[in-house]
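The values are calculated or read from the model by the stated rules, or taken from the named source; none is laboratory data. Since we're looking at a predicted model, the values are computed, not measured. FYI the Cβ positions are ideal-geometry reconstructions off the backbone, even for glycines, and counts take in every protein chain you see.
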Amino acid sequence: MGLWTSDSKGAVAGSRSAGGATYRPGARFGPQGVRRISALYTPYNYETGVDLREQMTLCDAGDVFAIPGNLEKSFDQISKGVSHIFSSGALPLIVGGDHSIGYPCVRGIAECTSKRIGIIHFDRHLDTQAKDMDEGMHPTPWYWATNLPNVSAKNLVQLGIGGWQVPRAGVEVARDRETNILTIDDIEKLGLEKTAEIALELAWKDTDAVYISFDVDSIDCGFVPGTGWPEPGGFPPREALRILGLVAAEGICGLEVVEVSPPYDTSDITSLVGTRIIVDTLGSLVAHGKLGAHRALIDKPVKF
Ligand SMILES: [Mn+2]
């Protein structure tokens with residue numbers, strides 16, 4: 001790692017950590033897939049008129065090395081990388097890796113600030129149980145992240161949850177801790193704008209920053225075959241991107257895109273969705289004047 005410069009406003013870092021996947025592997029190649037297909041894109045968005053190249057220096061900080069078979073050491077590596085990027089003033093944009101990285105990514109930011117952080121989480125799965133297979137696998141990140149002193153489960157907003165892959169152990173924790181869950185059915189009834197409004201209200205209630213975690217499996221598996229736990233019935237990509245743009249408009253302290261698994265992908269379309277999540281978030285931050293706002297949070301910079 002370490003390719004970014006002090007004047008950069010955004011740093012993309014990959015995480016090869018994929019030891020938290022419980023069945024279908026391959027998310028360690030997610031950063032490669034997103035990098036490869038990102039060659040299709042220009043920095044300019046026609047609908048909004050935003051040209052990212054005019055607004056920011058975007059730097060690829062390389063991959064965080066994970067230690068195969070050792071989740072805790074991998075998590076330490078990831079938190080160090082994220083806190084280093086965040087402390088530099090750059091906005092961390094993390095490409096996973098499986099969803100177990102949600103915990104060390106949020107921890108890396110939370111350690112650099114005394115401020116309180118909310119989380120907006122796109123997923124078909126709750127990911128709130130303490131352990132899976134007796135380890136902190138990919139259904140567990142929010143159990144651990146909401147144990148952090150400045151991250152409350154009451155500011156965790158979980159969008160798109162549903163289907164037949166939500167372990168009941170996670171349901172119990174989500175209810176006990178009072179996370180905020182909107183299923184696909186809820187969102188269909190509320191509409192996209194109202195959903196975003198509710199998500200912002202809950203994630204920002206008594207907090208100073210919001211982190212976005214985007215699991216690509218929140219999108220209907222017909223559009224994202226390259227993922228660990230595909231599940232029919234999720235968001236159409238257009239609707240997920242619309243909500244994402246609306247919630248990013250208030251500013252973020254970091255973004256992660258997880259569970260892109262290129263070995264299962266077809267024509268790189270899942271990696272392409274992953275790329276859109278990053279550029280659409282950046283486009284919204286630029287359009288709403290929120291790029292760089294996260295720097296006000298840094299009051300405990302981490303030095304290595
Ligand atoms: Mn998921």
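All told, Lys80 falls short of being touching a Leu at 6+ places or on another chain (Cβ under 6 Å), at negative phi, among the charged types (D, E, K, R) and at pLDDT 95 or above. Of the residues Glu239, Glu193, only one is surrounded by fewer than 17 Cβ atoms within 10 Å (Cβ to Cβ) and either acidic (Asp, Glu) or within 13 Å of the ligand (Cβ to nearest atom) (or both); which? On inspection, the qualifying residue turns out to be Glu193.
Rundown of residues vs (1) modelled with pLDDT under 95; (2) of a type in the set (Asp, Glu), yes/no style:
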| position | (1), (2) |
| --- | --- |
| Gly33 | no, no |
| Ile37 | no, no |
| Tyr44 | no, no |
| Glu47 | no, yes |
| Val50 | no, no |
| Arg53 | yes, no |
| Thr57 | yes, no |
| Ala66 | yes, no |
| Gly69 | yes, no |
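Across the range 267-304, which residue is farthest from Gly81 (Cα to Cα) among those that are in a loop (DSSP other than H, G, I, E, B) and free of Cβ contacts under 8 Å to residues at least 60 places away in the same chain? Among them, the one singled out is Ser267.
Taken over the range 211-232, residues that are within 13 Å of the ligand (Cβ to nearest atom) and either part of a helix (DSSP H, G or I) or closer than 12 Å to Val257 by Cβ (or both) amount to 9. Of all residues assigned to the range 107-119, none qualifies as being of a type outside the set (A, V, I, L, M), within 16 Å of the ligand (Cβ to nearest atom), surrounded by fewer than 22 Cβ atoms within 10 Å (Cβ to Cβ) and farther than 17 Å from Ser213 by Cβ.
One residue alone among Glu231, Glu250 is touching a residue at least 12 places away in the same chain (Cβ under 8 Å), over 19 Å from Pro43 (Cα atoms), surrounded by 18 or more Cβ atoms within 10 Å (Cβ to Cβ) and within 17 Å of the chain's Cα centre (by Cα), and that residue is Glu250. Selection of first residues in the range 124-149 that are among the polar types (S, T, N, Q) and of second residues that are within 13 Å of the ligand (Cβ to nearest atom) and assigned to a helix (DSSP H, G or I), restricted to Cβ pairs under 8 Å at least 6 apart or on distinct chains, gives the following pairs, ordered by first then second residue: Thr128/Trp142; Thr128/Gly170; Gln129/Gly170; Thr140/Ser100. Quick one: is Val260 within 19 Å of His121 (Cβ to Cβ), under 13 Å from the mean Cα position of the chain (by Cα) and buried (at least 20 other Cβ atoms within 10 Å of the Cβ)? Considered against the rule, which asks whether it is within 19 Å of His121 (Cβ to Cβ), under 13 Å from the mean Cα position of the chain (by Cα) and buried (at least 20 other Cβ atoms within 10 Å of the Cβ), Val260 comes out as yes.
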